[in-house]
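Data first, discussion second: the structure below is written as structure tokens.
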Amino acid sequence: MVESWSFLDTAESNFRPLVVIELAKGTKEETIEWFTKRIVDKKANGGAQLLIKPLVTENGVENIYLVGASHLRLLLGAETVGLVKECSDNSMRTFTYSSRKTFKHFADDNHNFLTMAECQYIIKHELENLRAKDEKMIPGYPQAKLYPGKSIVRRLLTSGILVQIFPLHDREELKKLCHSWYGRVKIGYQPLDDIRCYFGETIALYFGFLEYFTFALIPMAVIGIPYYMFAWEDYDKYVMFATFNLLWSTVILEVWKRICAILTYRWGTLLMKRQFEEPRPGFHGVLGINPVTGREEPVYSSIKRQLRIYLVSLPFVCLCLYFSLYVMMIYFDLEQWALDYHKENESNFSSLMLYVPSIIYAVVIEIMNRIYRYAAEFLTSWENHRLESSYQNHLILKVLVFNFLNCFASLFYIAFVLFDMKLLRQSLATLLITSQILNQFAESLLPYWLQKRYNRRMKKRMCSKKTDTDLSLAEQVNMEKEMGTYLGTFDDYLELFLQFGYVSLFSCVYPLAAVFAVLNNITEIYSDALKMCRVYKRPFAEPTANIGVWQLAFETMSVISVVTNCILIGMSPEVDALFPDSKMDLVLTVALVEHLLLAIKFIMAFVIPDKPRDIQMKLAKLEFESLEALKQQVRMQLHFLLIHH
């Protein structure tokens, strides 16, 4: 390791720690030497060409290493990952090192041109793309096999040699962000640009969507309160409310597309090219050549993947859905028992007992959802998807199907099999409120309390020792490495998706659903901000241009809500009385109204553009300039050939 560290000594004065690598205690010296050498080796030799140094504490050198990169290396990395930055003419363009002078705020001595989150994303990209070439095993660990194309970081993680990799917090910037974000209770917008600079586009976009969705729910909540108070049993009066709900759900999703385009254009991710996405770290296969990029990367048969999906994953999901329905029938048995008990006793206690089955079922639903989530993650990883986007899409599909059935099957059964609107209202309210309380407790309050206890113990331990300024970084790393790991926005979007279902699917039965959703989301904004800044380790930034498959999920839910609300209105006694002679006329009328509303939805979705006109013009201009530049390049090549002939 002497040669490696001597290389680092030359850049010691400019070393800025960005990412932490924690190895297991007792990791063999030859393994550390090999791994660190691969990190600092040149790209041409299969390395990452980064800087690395051990974390020095008062106990000496531990198995914790700090990773950074030179300013030049980060700029070249920005070009590799395709970052888009603002030019001096206010246009957004993909960054290239050769044209670096044309970008706004760029200077050779300006090390803040790239945000800290972007620098950490570049380092993560380089570490994840360290792949085995000729190695057959990890040095020092013969049982940890390697083969050409295998991700080194992934193998180290699965072998237990590498404990974790995480980006460091910037304590000063974090303090400023906390103050402007949730430091004081205020009515106003979140600092989305600051959130994006610190946590990246994916998390900023989630908070942008949460804020937008909360504001969008306010009209539904305001209209729902008088409907709840003055027209509880008159279902025919809910026709206007349900119609407004259906048009509302379409408009808010289409308007969100426009807001999303504005945000991601300003952040540069709307222009990022995703078609040449690198293989995900967990992807494995025989090392081959990508026919599109010409680069070496693992290759895996799509037929094998399809067999795994249809012969293993699909039957497992179907089995889980059957089990969910079985649990639902047990819930209805409990409901019947509670109802019989109330009829026999007619007391305050028996009245409370009517809500017990729904509360128990809501808790069981949350437990089943979380257990199934782990199984779905394991199966999706085992399917061996090449791209992270493909992996996420398959995981989201599995989880959405199960969660939709698990959360809403009982409501559909009550509405369309039992025809019990009173029980439907009671179950909907109980499921919605219980799930919100459980989520707030499990996702924010409990982790915050546990983290606060740990931080108190750590500070006491540090204060009992004589620490100087050199150990402040060691203190920070030791505190952060024990913090929980943020697993991404998946669960947060899933919570909003289910909430959207509770609000829209049975809006004409329980108008107060939007009120509870607004109250929950206001607290959710502050609790999610708190957990991002104080509870979890800083997550790596992930560029994104939209909310991905979740947009389609919300749109699908809005289409289903049209059908359910039309059927519920058609089932009301007042509407049923309008067709005393022929029930077929009632069915046809409801179907006609449902088709008309769906037609209006799709027309509105078509009429409202996904991107504002000014952004469309900017994108078209960039495409035109790219084509002109390509033509100019071809002309120069032809001119060169003609001269030499």
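The values are calculated or read from the model by the stated rules, or taken from the named source; none is laboratory data. All values reported here derive from a predicted model rather than from experimental measurement. Quick reminder, even Gly has a Cβ in these numbers, built from the backbone with ideal geometry, and neighbours come from all protein chains shown. Side chains included, ligands, DNA and RNA excluded: accessible areas come from the protein's heavy atoms. Shrake-Rupley method; radii C 1.70, N 1.55, O 1.52, S 1.80 Å.
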Probe 1.4 Å, all protein chains present, accessible-area order of 310, 189, 331, largest first: 189, 310, 331
Only helices at least 24 Å long along their own axis, judged from Cα atoms, and with Kyte-Doolittle mean hydropathy of -1.0 or greater: name those in the chain from DSSP H. 201-230, 238-267, 314-345, 356-382, 388-413, 421-440, 513-530, 549-571, 583-607, 613-644
Test of understanding: what is the full-extension gain from residue 627 to residue 480, defined as 0.36 nm times their sequence separation minus their Cα-Cα distance? 48.2 nm
With label points set 7 Å from each Cα along the Cα-to-Cβ direction at residue 79 and residue 598, the distance between them in nm comes to 5.2 nm
Positive-end extreme of charge dipole, the chain - chosen from 146, 167, 520 (charges on Cβ): 146
Report the full-extension gain for the segment residue 579 to residue 390: residue separation times 0.36 nm, less the Cα-Cα distance, to one decimal in nm. 63.1 nm
Reference-scaled alpha-carbon Rg (2.2 N^0.38 Å with N residues) for the range 341-418: 1.61
Using a 1.4 Å probe on the protein heavy atoms only, what accessible surface does residue 247 show? Give it in Å² to the nearest 10. 60 Å²
Using per-residue counts of other Cβ atoms within 10 Å, averaged over each peptide, order 498-504, 89-95 from highest down. 498-504, 89-95
Evaluate the Debye formula for the chain with equal point scatterers sitting on the alpha carbons, no solvent, and hand back log10 of I(q)/I(0) at q = 0.05 Å⁻¹, in q order, two decimals. -0.29
Give me the accessible area of residue 537, 1.4 Å probe, in Å² rounded to the nearest 10. 10 Å²
Which entries in 37/136; 176/481; 42/104 show an alpha-carbon gap greater than 20 Å? 176/481; 42/104
FRET E, pair residue 325, residue 30, Förster distance 45 Å, beta-carbon r, rounded to 0.05: 0.25
Any idea what the dipole of the chain comes to, in debye rounded to 20, about its Cα centre with Lys/Arg Cβ at +1 and Asp/Glu Cβ at -1? 1940 debye
Stretch in the chain that is longest and holds no GluC sites (Glu not before Pro) that DSSP places in a loop and that have at most 16 other beta carbons within 10 Å: 59-232
Accessible area of residue 410 in the full protein assembly, 1.4 Å probe (Å², nearest 10): 0 Å²
Helix-only mean residue ellipticity at 222 nm, the chain, DSSP H runs n ≥ 4 weighted -39,500 (n - 2.57), per residue, nearest 500. What is it? -20500 deg cm²/dmol
For residue 163, residues with placed amide H under 5 Å, excluding near neighbours: 22, 23, 24
If DNA, RNA and ligands are ignored and the probe is 1.4 Å, what is the ranking of 601, 28, 145 by accessible area, most exposed first? 145, 28, 601
Coordinate range along principal axes, alpha carbons of the range 19-168, Å, largest first: 56, 40, 21
If Lys and Arg each add +1 and Asp and Glu each add -1, what is the summed charge of the other residues whose beta carbon sits under 13 Å from the beta carbon of residue 71? 0
What number, in percent, do you get for the relative contact order of the chain if the mean sequence gap of Cα pairs under 8 Å and at least 6 apart is divided by its residue count? 19 percent
Put 441, 244 in order of accessible area, largest first, 1.4 Å probe: what do you get? 441, 244
Report the Cα centroid-to-centroid distance between the range 103-178 and the range 70-95 in angstrom, as an integer. 19 Å
